[in-house]
Amino acid sequence: MARRRQLYEGKAKILFEGPEPGTLVQYFKDDATAFNAQKKGTITGKGVLNNRISEFLMTKLAEINIPTHFIRRLNMREQLIKEVEIIPIEVVVRNIAAGSIAQRLGIPEGTRLPRSIVEYYYKNDALGDPMVAEEHITAFGWATPPDMDDIVHLTLRINDFLTGLFLGVGITLVDFKLEFGRLYENEEMRIVLADEISPDNCRLWDAKTNEKMDKDRFRRDLGKIEEAYQEVARRLGILPEAGSRDMKGPETMQ
Ligand code: TMP
C-alpha cells in the first residue's frame, strides 16, 4: 500500500489521510508531554493502550447514542475515524477537585465538588490553552450558542455514563477533557465527540486507595506509569490475555 499522507502531528497522535473521503487514520504515539510540552517523555506501550481504551469507551458511548468520530480500530496503534472540523475548545468536566482547579481556587485535592463543573479552555499552544467562558467562545465565533447547547448536553451525559462505567471497575472518574467536532453528512451538521478518551486526558483514581492511575503519574514523576495505564485497560477487560486473542468482558469490582 502506498504510504499515507500525514495531515497533522500532535503531541500524542498523528492524523493520516483515510482510505475513503471523509475518513482519517488516527495513530497513537508513546510520546507524552505535560505543562504545554515543557515536560516531554515516552510512556512505553501507551499508544497501544490508549488506542484500545479510547476504542472501548467511544464504542460504549455510541451504544447510548452519543455521536462520536470513531469508526473502528485498524491495528495496535491506529483507528479509523470520521473527518470532523475540530472546535478549538477543550471541555473539562470535574467531579472532584484536582490539578488546576485545586491550585487556582485553593481547594484541597480530593474534595468532592458540590456538583459537576464544566470548564472551557481555548486550544492554543502559543497562549498555553487559556481558560475561557462561553461568552468568549460565542463572541469570537469558535462555536455558536446552539453548538454549545449540544456540547454541554453531550458532556454531562458522557460524564454520568463514564462515572458509572469506571466505578463499576473500581475507578473514580475525578475529571477529564473532551474535544468535539463538526461532522458534515448529507448536508447536515452534527456535533460529535472527537479526539480520544484515555488516561492521558482523564484523572482516574483507584476507588479504594485513591492511587492515581493516569497521566498525573508522568506529570508528577510518581513512577509506575506504564503499569497504571495497563491496570486501567485490565480493569476495563480490554488487555488481551497472554497467548490468547480473546477479549474478556469488564471485571466487576465491589
Ligand atoms: P487540569 O486540572 O490540569 O486543568 O486538567 C483537567 C483535566 O483535563 C485532567 O483530566 C487532564 C486533562 N487535560 C488534558 O487532557 N489536556 C491538557 O492540556 C490539560 C491541561 C488537561
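Bear in mind these aren't lab numbers, they're just calculated from the coordinates by the rules spelled out. The shown structure was predicted, so the numbers you read here are calculated from the model rather than taken from an experiment. Reconstructed Cβ throughout: ideal geometry from the backbone, glycine too, with neighbour counts over all protein chains shown.
Data table
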read-out	value
Any hit, the range 38-53, residues being part of a strand (DSSP E or B), more than 15 Å from the ligand (Cβ to nearest atom) and within 30 Å of Asp149 (Cα to Cα)	no
First in the range 104-130 and in contact (Cβ under 8 Å) with a residue 60 or more places away in the chain, second anywhere and in a strand (DSSP E or B), Cβ under 8 Å, 6 or more apart	Gly110/Ile96; Asp129/Glu90; Asp129/Tyr121; Asp129/Tyr122
Odd one out for Asp147 among (1) closer than 30 Å to Ala233 by Cα; (2) out of contact with any helix residue (DSSP H, G or I) (no Cβ under 8 Å at 6 or more places or on another chain); (3) of a type in the set (Asp, Glu)	(1)
Matching residues, the range 162-182, being surrounded by 19 or more Cβ atoms within 10 Å (Cβ to Cβ) and among the β-branched types (Val, Ile, Thr)	Ile171, Thr172, Val174
Residue within the range 114-128 that is crowded, with 18+ Cβ neighbours inside 10 Å and basic (Lys, Arg) present	no
Per-region count, the range 17-30, residues surrounded by 18 or more Cβ atoms within 10 Å (Cβ to Cβ), of a type outside the set (A, V, I, L, M) and part of a strand (DSSP E or B)	3
Scope the range 97-123; condition of a type in the set (Val, Ile, Thr) and either within 11 Å of the ligand (Cβ to nearest atom) or over 19 Å from Ala207 (Cβ atoms) (or both); matching residues	Ile101, Ile107, Ile117, Val118
Single unsatisfied condition, Gly110 versus (1) at positive phi; (2) assigned to a helix (DSSP H, G or I)	(2)
Residue that is surrounded by the fewest Cβ atoms within 10 Å (Cβ to Cβ), among those in the range 68-90 that are more than 16 Å from the ligand (Cβ to nearest atom), part of a strand (DSSP E or B) and among the β-branched types (Val, Ile, Thr)	Ile71
The range 54-67, subset assigned to a loop (DSSP other than H, G, I, E, B) and at negative phi, residue nearest to the ligand (Cβ to nearest atom)	Ile66
Residues within the range 133-150 that are surrounded by 18 or more Cβ atoms within 10 Å (Cβ to Cβ) and of a type in the set (Val, Ile, Thr), tallied	1
Matching residues in the range 151-161 - criterion: being more than 10 Å from Ile87 (Cβ to Cβ) and either buried (at least 20 other Cβ atoms within 10 Å of the Cβ) or of a type outside the set (Lys, Arg) (or both)	Val152, His153, Leu154, Thr155, Leu156, Ile158, Asn159, Asp160, Phe161
